[in-house]
1. Return the FRET efficiency for the residue pair Thr109, Asn148: r is the Cβ-Cβ distance, R0 is 22 Å, and the value is rounded to the nearest 0.05.
2. Ratio of Rg to Rh for the chain, alpha carbon only, Kirkwood?
3. Which whole-Hz ³J(HN,Hα) couplings does segment 54-60 yield from phi under the Karplus relation 6.51 cos²θ - 1.76 cosθ + 1.60, θ = phi - 60°, glycine and proline marked x?
4. Quick one: length gained pulling Gln93 to Glu70 fully straight, 0.36 nm per residue minus the C-alpha distance?
5. Using a Förster radius of 30 Å, what is the FRET efficiency between Ile317 and Ala164 based on their Cβ-Cβ separation? Nearest 0.05, please.
6. Which one of Gln297, Gln278, Gln75 has the biggest mean-square fluctuation once the chain is modelled by GNM with Cα springs under 10 Å?
7. With a 10 Å Cβ neighbour count serving as the proxy for reagent exposure, in which order, fewest first, do Leu86, Leu260, Leu71 appear?
8. Pulled fully out, how much extra length does the chain show between His100 and Val198, if you take 0.36 nm times their separation in residues and subtract their Cα-Cα distance?
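Since every read-out is calculated from the coordinates, none of them should be taken as a lab result. The model shown is predicted, which means the values in this text are computed figures rather than measured ones. Here the Cβ is made from the backbone with ideal geometry for all residues, glycine too, and neighbour counts use every protein chain on show.
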Amino acid sequence: MTRLRAPGLMRSVPGTRYTDASFLALEKERVFRRSWVVACPAWRVAKAGDFFCFEQFDASVIVLRDGQGELRAFQNTCLHRGSKLLEGGGNVQEIRCRYHGWRYRLDGTLDQVPRPEGFEHIDCSKMHLHNVRLEVLLGFVWINVEGNAPPLRDTLGGIAEELAPYRLEEMRPIQEKVFKLPTNWKAVLENATDFYHVPFVHAATISRHVNVGPVMTSYGDHTRQTLEIAPYGFRKWLDDKCSRAGPYTAAQTSTLHKYLLFPNFLINVLPYHLTVMQVWPIDQHTCELHYAFCRRQGARGLELARALATWGASRYILREDLHILKAFQEGVRTDAVRMQRLHDEEEAAAHFHAVLSRWTEG
């Protein structure tokens, strides 16, 4: 499939973007710290005392539901000596530093300091864990570490309203898994939106059921790809049986919508399932892929069977991709191809790199 490119897209990408440690440091500072990123699904912190520790790009943030039901985010550091307060996730009645015993209420205020007379000029009533900006949208908790980003909904260019019928807050995981991959974080996202590789890497899977590539729509920094999958005669009947929530348009029930929300959050959306892929850099050659395949809460019968079958297909396709991504990074590390040309069917990658250039250069 050939299509005209939108103006301003990059036709080639420097190979050093996948191998240069200094460029990754720039991405962490100017992209990840400044943008809205998903910390966790909202269902993970539903009850008072529920918490989740976000640990990425050298940031450590506590996402926590306080005793009044308000969701909060704090820097995960004690006000005394900066020690990390919590690990992982779970439920707590208070936040207590394991080092010197400083205690904090669930709203972040300092509650108790052991032997306070030993400090000079300390007023517990005025001390509070450092807040991190937080918003809840589309069933996920988003944080902005630096704190200067515009309101989240404003940055999404109408995507939140477009996704509202799917009621993503009702989705629950069939499987969640973290993969440590020997490739740069950007390559995973590009691969997931690249139709050019499909006839070769996925000849026995996707290519047998999809004849026409996706149509891309841009929303400022973000993109949506709309892909018609297996347009068989029984699809409408099956879609009607499985498409709770809504109301949906005909396009929403019959086509897969792939959203890449800059910088690193990718979702495949259909009424009866949700695939979540979020990629975090470890170093310039290694990343973590946080994968979740979800079905709608309360799914049973045909709807549940369809979600489970699609999950199986998703994992098989992902396995095909992970093998080729290892080969990509091994090749790009040699620096033999200093400028990588982009095909028309890598249009989403071209858009992504144009946005990345604007963020890292600004």
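1. Details: r = 25 Å, r/R0 = 1.12.
Rounded to the nearest 0.05, the efficiency is 0.35.
2. Dividing the radius of gyration by the Kirkwood radius yields 1.00.
3. Per residue, the Karplus-derived 3J(HN,Hα) values read 8, 9, 8, 6, 6, 9, 9 Hz.
4. Values: separation 23, 0.36 × 23 = 8.28 nm, distance 1.45 nm.
Between Gln93 and Glu70, full extension yields an extra 6.8 nm.
5. Values: r = 28 Å, r/R0 = 0.93.
Here the calculated transfer efficiency is 0.60.
6. Maximum among the listed residues: Gln297.
7. Leu71, Leu86, Leu260
8. The span from His100 to Val198 would gain 29.7 nm if fully extended.
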